[in-house]
Amino acid sequence: MIGVIEQTAARILERSPGAVVRYRLLRDVLKIAGDRPELQRARDDLKHSRCIRELGREQREDGGRGAFHSRSTLARQKIPSTEVGVERALSLGLDAAHPILRKASAYLRDILQGKRAFPDYPEKNDRWPTGMRLFPTSTLSLIHPDHSLLNPDRELWSEIAKRTFRSGSYSEADEIEAHAVLTGATVKDSYLVLCGRYQLNILGSLPGTLSARLETALLRWLWARPGGIGYLEVPLGMPPPERPGPFDRWLASLEMLSHLFPSWVGFASQVMKWLAKRRDAQGFWDFGLRPSSGSFLPLSDHWGNEQDRRFDWTTRILILLRRFYEGA
């Protein structure tokens, strides 16, 4: 299957795709080495991407975007929050050395070190002190997964995971008890339950944080949850409805797990086979409209162009399939 993946990427590259598609295919699908001239040229060409220029224009001088987690509905901006801005930058192929992510990283570090106030309106409950650190810690982990500022939070959430799964499977009672001892938060049915995307980002940011046994137990629980990953809220183990919102969140869930937890391949075989078969007559993938709330697409500057839309969807699917078949 990897041969088919690489051949499909090569076919797109022959058709002169946009700068972001070209770079992500070379870097993340064909795995071109960073010192190769073709990858260096493709990285330099990212400056021509309208999507990246817009991302830079909306970023504030302090590195944030106003709202952090609670997306702004008042500000007239395409990127509604700081955390979405970071996710969007990464989807467009930017890395920690790019000025957009350098500024965002400095902003996140200032929040975590208490040099800058968390910008969102505080919740009046016992969860807020934990949640207020959870969001910026998770977002920094996407840029610098091994940053030392993450260590206390990584240790906290790994200890919560160990206590929650100490029986070998998920226990709501053990999780509630763990928070009562470690954070003081009332966790039942809240965003602090371990299925949340932010906790998972922290737990998977550094290889070896979780033992193989604990990681497998965590993935087994997530795969069986009707709501999948918290904030994405789609079942993982079955093909989703091919509607923009659920389908994008399903893909985002698998992309997230593929990046964080090597054991995901042991659970994803059936859905990856389904996805691999969804190519059109030209051998590409095209799932139509994208949701307005997603952060991955578009990669190309002109989504009214059917070819660019098809190249964007295909690039996204090829990256995910490559991760799966390399790990299987």
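The values are calculated or read from the model by the stated rules, or taken from the named source; none is laboratory data. Please read all numbers here as calculations on a predicted model, not as lab measurements. Every residue, glycine as well, gets a Cβ built from its backbone with ideal geometry; the counts of neighbours run over all protein chains shown.
Would you please list the contacts, defined by Cβ atoms under 6 Å and residues six or more apart or on different chains, that run from a residue in region 33-54 that is under 21 Å from Asp312 (Cα atoms) and of a type in the set (Gly, Ala, Ser) to a residue that is modelled with pLDDT of 95 or more and part of a helix (DSSP H, G or I)?
Ala42/Arg22; Ala42/Tyr23; Ala42/Leu26; Ser49/Ala19; Ser49/Val20
Applying the selection to region 164-197, what residues are part of a helix (DSSP H, G or I) and among the polar types (S, T, N, Q)?
Hit for region 164-197 is Thr164, nothing else.
Return a yes/no flag: does region 251-261 have any residue that is more than 13 Å from Tyr325 (Cα to Cα), among the polar types (S, T, N, Q) and touching a helix residue (DSSP H, G or I) at 6+ places or on another chain (Cβ under 9 Å).
Yes, region 251-261 contains a residue that is more than 13 Å from Tyr325 (Cα to Cα), among the polar types (S, T, N, Q) and touching a helix residue (DSSP H, G or I) at 6+ places or on another chain (Cβ under 9 Å).
Quick one: in region 76-90, of everything that is part of a loop (DSSP other than H, G, I, E, B) and polar (S, T, N, Q), which residue is surrounded by the most Cβ atoms within 10 Å (Cβ to Cβ)?
Ser81
Out of Thr73, Thr130, I need the residue that is over 15 Å from Gly56 (Cα atoms), outside any loop (DSSP other than H, G, I, E, B) and either modelled with pLDDT under 95 or hydroxyl-bearing (Ser, Thr, Tyr) (or both). Which one?
Just one listed residue meets the conditions, Thr130.
Might you let me know whether region 228-246 holds any residue that is in a helix (DSSP H, G or I) and either touching a residue at least 60 places away in the same chain (Cβ under 8 Å) or buried (at least 19 other Cβ atoms within 10 Å of the Cβ) (or both)?
Taking every residue of region 228-246 in turn, none turns out to be in a helix (DSSP H, G or I) and either touching a residue at least 60 places away in the same chain (Cβ under 8 Å) or buried (at least 19 other Cβ atoms within 10 Å of the Cβ) (or both).
Here are the criteria: (1) in contact (Cβ under 8 Å) with a residue 12 or more places away in the chain; (2) out of contact with any Ser or Thr (no Cβ under 6 Å at 6 or more places or on another chain). Tell me which single one Lys277 does not satisfy.
It is condition (1) that Lys277 fails.
Output the qualifying pairs, or none if there are none: Cβ atoms under 6 angstrom, residues six or more apart or on different chains, first residue in region 117-139 and without any contact (Cβ under 8 Å) to a residue 40 or more places away in the chain, second residue assigned to a helix (DSSP H, G or I).
From region 117-139, the pairs are Pro122/Trp128.
Name the pairs: first residue in region 10-26 and part of a loop (DSSP other than H, G, I, E, B), second residue buried (at least 22 other Cβ atoms within 10 Å of the Cβ), Cβ to Cβ under 6 Å, at least 6 apart or on different chains?
If the second residue must be buried (at least 22 other Cβ atoms within 10 Å of the Cβ), the pairs left are Pro17/Phe311; Gly18/Ser300.
Determine whether region 283-299 contains at least one residue that is part of a helix (DSSP H, G or I) and crowded, with 18+ Cβ neighbours inside 10 Å.
No, region 283-299 contains no residue that is part of a helix (DSSP H, G or I) and crowded, with 18+ Cβ neighbours inside 10 Å.
Kindly provide the set of residues from region 35-70 that are assigned to a loop (DSSP other than H, G, I, E, B) and over 22 Å from the mean Cα position of the chain (by Cα), ordered by number. Step through it out loud before you land on a result.
First pass over region 35-70, keeping only residues assigned to a loop (DSSP other than H, G, I, E, B): 35-36, 49, 59-70.
Passing the criteria: Asp35, Arg36, Arg60, Glu61, Asp62.
Quick test of your reading of the structure: Arg309 fulfils all but one of (1) surrounded by 20 or more Cβ atoms within 10 Å (Cβ to Cβ); (2) farther than 30 Å from Gly208 by Cα; (3) in contact (Cβ under 8 Å) with a residue 60 or more places away in the chain. Name the failing condition by number.
The failed condition is (3).
Looking at region 249-268 only, could you name the residues that are in contact with a Lys or Arg (Cβ under 8 Å, 6 or more places away or on another chain) and either in a loop (DSSP other than H, G, I, E, B) or modelled with pLDDT under 95 (or both)?
If the condition is that a residue be in contact with a Lys or Arg (Cβ under 8 Å, 6 or more places away or on another chain) and either in a loop (DSSP other than H, G, I, E, B) or modelled with pLDDT under 95 (or both), then Phe267 is the only one that fits.
When you look at Val271, is it part of a helix (DSSP H, G or I) and farther than 19 Å from Arg197 by Cβ, yes or no? Don't jump to the end; show me each part of the working.
Working: part of a helix (DSSP H, G or I): yes; farther than 19 Å from Arg197 by Cβ: no.
In short, no.
Specify the residue that is surrounded by the fewest Cβ atoms within 10 Å (Cβ to Cβ); the eligible residues are those in region 173-202 that are among the β-branched types (Val, Ile, Thr) and touching a residue at least 60 places away in the same chain (Cβ under 8 Å). Let's see the steps before the verdict.
Initial filter on region 173-202 (among the β-branched types (Val, Ile, Thr)): 176, 181, 183, 186-187, 193, 202.
Now restrict to residues that are touching a residue at least 60 places away in the same chain (Cβ under 8 Å): 186-187, 202.
Values: Thr186: 14, Val187: 23, Ile202: 25.
Per the criteria, the residue is Thr186.
Kindly list, by first and then second residue, each pair from a residue in region 91-102 that is surrounded by fewer than 20 Cβ atoms within 10 Å (Cβ to Cβ) to a residue that is assigned to a helix (DSSP H, G or I) and of a type in the set (Val, Ile, Thr), limited to pairs with Cβ atoms under 6 Å and residues at least 6 apart or on different chains.
Cβ pairs passing all conditions: Ala96/Ile143.
Hey, does region 316-326 have a residue that's part of a helix (DSSP H, G or I) and acidic (Asp, Glu)?
Yes, the conditions are met somewhere in region 316-326.
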